[in-house]
């Protein structure tokens, strides 16, 4: 497996983790179980997920001529 393929797997895993944590934090906040910290962590995590998606697209465009193997 090439470095490009491993990098893409890590970007996808990080994005899914950020989305999952953001959803969990925002759910806690809106269910009256959490504090403002849950709101900020949820919004920050969703923002990071969007940044990771943008980085993934940039990475794929930059290395489009490099093989996955």
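Looking at region 60-69, is at least one residue surrounded by 14 or more Cβ atoms within 10 Å (Cβ to Cβ) and part of a loop (DSSP other than H, G, I, E, B)? Checked region 60-69: at least one residue is surrounded by 14 or more Cβ atoms within 10 Å (Cβ to Cβ) and part of a loop (DSSP other than H, G, I, E, B). All of (1) at pLDDT 90 or above; (2) under 30 Å from residue 3 (Cβ atoms); (3) out of contact with any helix residue (DSSP H, G or I) (no Cβ under 8 Å at 6 or more places or on another chain) hold for residue 64 with one exception: (1). Residue 30 fulfils the conditions (1) out of contact with any helix residue (DSSP H, G or I) (no Cβ under 8 Å at 6 or more places or on another chain); (2) under 25 Å from residue 7 (Cα atoms); (3) at pLDDT below 95 except for a single criterion, (2).
The values are calculated or read from the model by the stated rules, or taken from the named source; none is laboratory data. What you see is a predicted model, and the numbers here were worked out from it, not measured in a lab. Positions of Cβ are generated from backbone atoms using ideal geometry, with glycine treated the same way; all protein chains shown enter the neighbour counts.
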